[in-house]
Amino acid sequence: MNSKLKVGVIGLGAWGCNVARCLYENPDCDLVACSDVSESRRALAERNWNTQTAVSLDEMLANFPEIRAIVISTPAVTHFSLAKQALLAGKDVFVEKPFTLKVSHAEELLALAESLGRILMVGHLLEYHPAVNRIREIVQSGELGETYYIYTQRVNLGRIRGDENALWSFAPHDISQILYILGEEPIDVSARGQSFIQNGIEDVVFLSLFFQNRRMAHIHISWLDPHKMRSTTVVGSRKMLVFDDAATTEKLRIYDSGAQTPATCSYGEAIQVRFGDIQIPHLASTEPLKLEFQHFIDCVNHRTTPRSDARDGLRVVRILEAAQKSLEHDGVPISLEHGTVRTAPSKTAVLNRQWTPQLPVFPVAATAVAQA
């Protein structure tokens, strides 16, 4: 298809403006209209990208029927209703993370998109990052040996949200990245966190994922930290690597280091620790967000399944929902089995013979259709 894909963006907050900019700069895209409840944000869109504007998705759909794809970059509490409305209007849809706040909503959107033959893609940005794709290649090739564990840190001071906690705001990045790198899903999860600034909205969370073959992943997320860190470490039986996305250069380092126990001896002192060279691979400098939207445009034009499709979004929401349940019960492990969540109750709950975990309920801000 030679004509440009006509796109509408709903939500012009801090991230929504990045989204609109990338689409405007894409030669295969025609940014027809942008929508936001804020008059000043709509005016900014008209000035910066020479685009039409609308107050709501209803208005956009009514006034710009030529739009073929809708990109949703609004707060998470609005994702389900807006994506459903756009799909029912016959549009292909891109939804920023988190896909939805409930597994049942993610399942409904997946089924709806499939029944209507629509493209539905979730904004799991790190799956399009050149460094993460290189890491996936390295891990899948066996260069690191057996993968032992992964840990990530996504922390900073600021951007404190009131409509979702740190788990739902930050963890989708790292969960989707870990699943993409390993090519498998966890068998159970656990999470502990605390609400220091706003009652009932966790500022810091420590999330652990447990996989088959003893693999583990640990995610530290916080918006209440003195450092700004965006790092991923993968430890294997032969090599290790570190991805520092906050670094301006040399984002990925591979360490030819490890520890081995000789097969003929079981004594601890016989363990051999090896320190080898450090390799710094060359990585493409293309902005990941531009790569992500090029992929979306290509999938819409060629009717192919996106890398981060609705099933990928569902997997991440399923883990988030289980992690939220664990978080609310002080870290009790939650098992993921055949697409269902099975809870292992604490000793106190067993003794009391009662405990009903609650799904997250976040307040809906007055400006719910603007990017938080």
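The values are calculated or read from the model by the stated rules, or taken from the named source; none is laboratory data. Everything quoted here is computed from the prediction, not taken from an experiment. Note that we place each Cβ from the backbone using ideal geometry, even for glycine, and neighbour counts take in every protein chain shown. Please note that ligands, DNA and RNA were not included when accessible areas were found on the heavy atoms of the full protein model with its side chains. Shrake-Rupley method; radii C 1.70, N 1.55, O 1.52, S 1.80 Å.
Miscellaneous remarks
- Odd one out for His282, checked against (1) modelled with pLDDT of 60 or more; (2) of a type outside the set (Gly, Ala, Ser); (3) under 25 Å from Asp36 (Cβ atoms); (4) in a loop (DSSP other than H, G, I, E, B): (3)
- The residue pairs whose first member lies in region 324-336 and is within 13 Å of Phe206 (Cβ to Cβ), whose second member is buried (at least 20 other Cβ atoms within 10 Å of the Cβ) and polar (S, T, N, Q), and whose beta carbons are closer than 8 Å, counting only pairs six or more residues apart or on different chains, are Ser326/Ser190; Gly331/Ser190.
- In this entry, Ile219 is excluded by the filter for residues that are open to solvent by less than 30 Å² (accessible area, probe 1.4 Å) and in a helix (DSSP H, G or I).
- Here the condition is being open to solvent by less than 50 Å² (accessible area, probe 1.4 Å), of a type outside the set (S, T, N, Q) and in contact with a Pro (Cβ under 6 Å, 6 or more places away or on another chain); of Ala69, Ala83, Ala76, it holds for Ala76 alone.
- Matching residues, region 1-57, being open to solvent by 30 Å² or more (accessible area, probe 1.4 Å), within 26 Å of the chain's Cα centre (by Cα), closer than 20 Å to Gln85 by Cβ and not hydroxyl-bearing (Ser, Thr, Tyr): Lys6, Val37
- Restricting region 93-137 to residues that are under 30 Å from Ile254 (Cα atoms) and in contact with a strand residue (DSSP E or B) (Cβ under 8 Å, 6 or more places away or on another chain), the residue that is surrounded by the most Cβ atoms within 10 Å (Cβ to Cβ) is Val122.
- Taken over region 285-305, the criterion of being of a type outside the set (D, E, K, R) and open to solvent by 10 Å² or more (accessible area, probe 1.4 Å) is satisfied by Ser285, Thr286, Pro288, Leu291, Gln294, His295, Asn301, His302, Thr304, Thr305.
- Filtering region 171-199 to residues that are without any contact (Cβ under 8 Å) to a residue 40 or more places away in the chain and open to solvent by 50 Å² or more (accessible area, probe 1.4 Å) leaves Gln194, Phe196, Ile197, Gln198, Asn199.
- Pair list, Cβ < 7 Å and 6+ apart or interchain, from region 140-151 residues that are at pLDDT 95 or above to residues that are open to solvent by 90 Å² or more (accessible area, probe 1.4 Å): Leu144/Arg238; Gly145/Arg238
- Residues satisfying the stated conditions in region 248-275, i.e. at pLDDT below 95 and either of a type in the set (A, V, I, L, M, F, W, C) or in contact with a Phe, Trp or Tyr (Cβ under 7 Å, 6 or more places away or on another chain) (or both): Ser257, Ala259, Ala263, Cys265, Ala270, Ile271, Val273, Phe275
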